[in-house]
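Visitor: Structure provided below as structure tokens; questions to follow.
The values are calculated or read from the model by the stated rules, or taken from the named source; none is laboratory data. The structure presented is a predicted model; accordingly, all values stated were derived computationally and were not measured. A quick note on method: Cβ atoms are made from the backbone with ideal geometry, for glycine too, and the neighbour counts reach across all protein chains shown.
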Amino acid sequence: MTMTRRNRPFNPMKPIPALIPIAAFLLTPGLSTGLFAQSFPVVHWINDSGVNAAAVLSTNGVFVTDFKAVNDLKVTPLGAHSVSLYTDVFGGSSAGNNPWYCAEFVGAASNGTGDGVLGDITDLNMTSDATAALQFDFLSPLTPEDRILLIDIDGSEQYQFQAYVLSNGNYVQVSVAGWTAENLTGDTGDFPNSGWPLWNPANGTATSGYSGNLNNELFVLIPDQNINRLVVSKLAASGQSTDINFESLALPLAIERAGTNVVLSWANVPAQNYPVVHWINDSGLDAGTVLNSNGVFLTDFKAHNDFRVTPLSSDPVTLSPTVANSIDIFGGASPGNNPSYSTQFVGVPYNGTGDGVVGDIEDLTMTFDNTGALQFDFLSQLTPQDRVLLIDIDGPEQYLLKAYVLNGTNYNQVSMAGWTPQDFTGTTGELPNSTWPIWTGTNGTAYSGASGLNLDEELFVLTPDQNIDRLQIYKLAGSGWATAITFETASSALTTPAAFSLQASVSPAGPYSNVIGATSPYTNAIVPQPMYFRLKSN
């Protein structure tokens, strides 16, 4: 399989279950009244007074700035050490497995978040002294929807993380054992390996896995609870330093006064128009990252978390943005005989279904190894109205498929002899011919019809003849070649809904209910009783 696919475009807004409450007429203290300069919340290393964090912290001063609201982050040096600002490059042609919130970020030089270039983020470069510590206090708590970015932990560097919650006026230290650690490409251009930082959740330490210079790899920590204070201590490595930043994955909700009204604005991000597998789940995890670490990936297909993928071997898989150019193009000028559910499909980057372009569908590219296997479990059954899309079975590739139905607690294998195979143009620009895949329903095998040839992503579709609860796909041959897969419901197109709903309440704690018919920008009259608003993912 040659990876000749469309890069995902910039899309700054990804829906995350986190919600942003904002007072509609009586502005809540600490909340911005203007549109965000950067594409989503990240620390402003130049604050609203135009003061640079490095200038303040290097003179042992306390730096107050914006993160998720106005002046809601305080940074205190726990000792006199020199720091600086540095812009890291996470996008471009060598983004590797960098997450969307890095590769698609756009910051502004005026507030110290970036330089206006897609994927460039300005970070705080901590001291190159052998030991040091910084204390971060969050007026808007650091939550599981936020990310702690550490860039370039290498050489002999080691850092310790101590988290605290504010309880009755006192800061109480809490365990970080439940925090999630992720290794990502960063600015290296390489995929993570054993040289990336090693996380020890028991004592909260991140230790370099490589004695040399990795040139700005990315290490991300995700809290498992709300945090009010974080102390980051450097334990070792004179002459070496690491960058730090904090980023929120919540969708910004902007508020501005307009005479006797206030206007709330947010990005109207559409959902996809046909049910298809979300290769980025509701927790913001992409399938490639999870499956490549031999983990089980849970995501949405026809309902919430109704689709589970389990690797039956440790072979690597790939998914945009884990690798570049991995969205298949079924529409455009040369759709050939592609079906309407592919040519008319519109997906979105935030859930790993597409890139907003009609006819572009994001798929999971299965292993390039000679053999491998994946198991797909359907909580919402795979039915005769659904389609199994396989893209680019060519060269020496061979696949074996096994279908199962759930009977009580047992999975019973069923025949696939009645399944319907269909050959389509895919992205080849040609009508199907004898080189398209060969299906044998009696034993569930799909063989390349183009021995030694690269068809450049032809489309092969299977339609079940009964409801299915589990599907296993085994690669039997084809080292160096790979096929992409996704599942789609083709019975009828949905109207394209908004990805978010505006909700309102008279109390910050709720309950919240949808504001009927609200679209961005939404105008609310100023009334005596405070009203609070939030965005909720649909």
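Visitor: Can you find even one residue in segment 175-184 that is over 23 Å from the mean Cα position of the chain (by Cα) and surrounded by 17 or more Cβ atoms within 10 Å (Cβ to Cβ)?
Guide: no
Residues checked against (1) buried (at least 21 other Cβ atoms within 10 Å of the Cβ); (2) modelled with pLDDT of 85 or more:
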{"site": "227", "(1), (2)": "yes, yes"}
{"site": "239", "(1), (2)": "no, yes"}
{"site": "243", "(1), (2)": "yes, yes"}
{"site": "256", "(1), (2)": "no, no"}
{"site": "260", "(1), (2)": "no, no"}
{"site": "263", "(1), (2)": "no, no"}
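Visitor: Looking at 483, 428, 463, 435 in this structure, which one is surrounded by 15 or more Cβ atoms within 10 Å (Cβ to Cβ) and within 17 Å of residue 371 (Cα to Cα)? Talk me through it step by step, then tell me what you get.
Guide: Details: 428 fails: within 17 Å of residue 371 (Cα to Cα); 463 fails: within 17 Å of residue 371 (Cα to Cα); 435 fails: within 17 Å of residue 371 (Cα to Cα).
From the options 483, 428, 463, 435, the qualifying one is 483.
Visitor: Follow-up question, since we're still on this one. Go through (1) at pLDDT 95 or above; (2) part of a loop (DSSP other than H, G, I, E, B) one by one and return the number of the condition residue 404 breaks.
Guide: Failed condition: (2).
Visitor: Let me ask something else. Within segment 118-142, how many residues turn out to be in a loop (DSSP other than H, G, I, E, B), in contact with a strand residue (DSSP E or B) (Cβ under 8 Å, 6 or more places away or on another chain) and of a type outside the set (Asp, Glu)? Before the answer, list the steps.
Guide: We begin by selecting, within segment 118-142, every residue in a loop (DSSP other than H, G, I, E, B); these are 118-119, 126-131.
Those left that are additionally in contact with a strand residue (DSSP E or B) (Cβ under 8 Å, 6 or more places away or on another chain): 119, 126-127, 129-131.
Remaining after also requiring of a type outside the set (Asp, Glu): 119, 126-127, 130-131.
So the answer is 5.
Visitor: For segment 148-180, how many residues are outside any loop (DSSP other than H, G, I, E, B), touching a strand residue (DSSP E or B) at 6+ places or on another chain (Cβ under 8 Å) and free of Cβ contacts under 8 Å to residues at least 60 places away in the same chain?
Guide: Looking only at segment 148-180, we keep the residues that are outside any loop (DSSP other than H, G, I, E, B), and these are 148-151, 158-167, 170-174, 180.
From what is left, the residues that are touching a strand residue (DSSP E or B) at 6+ places or on another chain (Cβ under 8 Å) are 148-151, 158-166, 171-174, 180.
Okay, now just the ones that are also free of Cβ contacts under 8 Å to residues at least 60 places away in the same chain, so 171-174, 180.
Looking only at that region, the number is 5.
Every residue, every condition in (1) buried (at least 18 other Cβ atoms within 10 Å of the Cβ); (2) at negative phi; (3) in the same structural domain as residue 470 (by TED's automatic domain parsing), yes or no:
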{"site": "367", "(1), (2), (3)": "yes, yes, yes"}
{"site": "386", "(1), (2), (3)": "yes, yes, yes"}
{"site": "395", "(1), (2), (3)": "yes, no, yes"}
{"site": "402", "(1), (2), (3)": "no, yes, yes"}
{"site": "407", "(1), (2), (3)": "no, yes, yes"}
{"site": "417", "(1), (2), (3)": "no, yes, yes"}
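Visitor: For segment 351-365, name all the residues that are in contact with a Lys or Arg (Cβ under 8 Å, 6 or more places away or on another chain) and either surrounded by fewer than 24 Cβ atoms within 10 Å (Cβ to Cβ) or outside the structural domain of residue 308 (by TED's automatic domain parsing) (or both).
Guide: 355, 357
Visitor: Just to verify a result, which residue in segment 201-225, among those that are assigned to a strand (DSSP E or B) and either touching a residue at least 60 places away in the same chain (Cβ under 8 Å) or in contact with a Ser or Thr (Cβ under 7 Å, 6 or more places away or on another chain) (or both), is surrounded by the most Cβ atoms within 10 Å (Cβ to Cβ)? So that I can check it myself, show each step before the final result.
Guide: Here is the first cut: in segment 201-225, the ones assigned to a strand (DSSP E or B) are 205-207, 218-222.
Retained after the next criterion (residues that are either touching a residue at least 60 places away in the same chain (Cβ under 8 Å) or in contact with a Ser or Thr (Cβ under 7 Å, 6 or more places away or on another chain) (or both)): 218-222.
Values: 218: 28, 219: 25, 220: 20, 221: 22, 222: 20.
Only one residue tops the list, namely 218.
Visitor: Please give the number of the condition residue 297 fails out of (1) modelled with pLDDT under 75; (2) crowded, with 21+ Cβ neighbours inside 10 Å.
Guide: Status for residue 297: all satisfied but (1).
Visitor: Now for a different question. Run residue 164 past the list (1) touching a Ser or Thr at 6+ places or on another chain (Cβ under 8 Å); (2) aromatic (Phe, Trp, Tyr); (3) farther than 18 Å from residue 128 by Cβ; (4) modelled with pLDDT of 90 or more and report the number of the one that doesn't hold.
Guide: (1)
Visitor: Also, quick follow-up: What is the number of the single condition among (1) buried (at least 21 other Cβ atoms within 10 Å of the Cβ); (2) touching a His at 6+ places or on another chain (Cβ under 8 Å) that residue 129 does not meet?
Guide: Unmet for residue 129, out of (1) buried (at least 21 other Cβ atoms within 10 Å of the Cβ); (2) touching a His at 6+ places or on another chain (Cβ under 8 Å): (1).
Visitor: Is it fair to say residue 347 is more than 25 Å from residue 467 (Cα to Cα) and modelled with pLDDT under 90?
Guide: Details: more than 25 Å from residue 467 (Cα to Cα): yes; modelled with pLDDT under 90: yes.
Spelling it out, residue 347 is indeed more than 25 Å from residue 467 (Cα to Cα) and modelled with pLDDT under 90.
Visitor: Just checking, how many residues over segment 71-107 are at pLDDT 90 or above, surrounded by fewer than 21 Cβ atoms within 10 Å (Cβ to Cβ) and either of a type in the set (A, V, I, L, M) or in a helix (DSSP H, G or I) (or both)?
Guide: Residues in segment 71-107 being at pLDDT 90 or above, surrounded by fewer than 21 Cβ atoms within 10 Å (Cβ to Cβ) and either of a type in the set (A, V, I, L, M) or in a helix (DSSP H, G or I) (or both): 3 in total.
Visitor: Would you mention how many residues in segment 358-401 are farther than 20 Å from residue 295 by Cα and part of a strand (DSSP E or B)? Walk me through it before giving the result.
Guide: At the first step, the residues of segment 358-401 found to be farther than 20 Å from residue 295 by Cα are 358-362, 370, 380-401.
Subsequent filtering for residues that are part of a strand (DSSP E or B) retains 360-362, 380-382, 386-391, 398-401.
Counting residues in segment 358-401 that are farther than 20 Å from residue 295 by Cα and part of a strand (DSSP E or B) gives 16.
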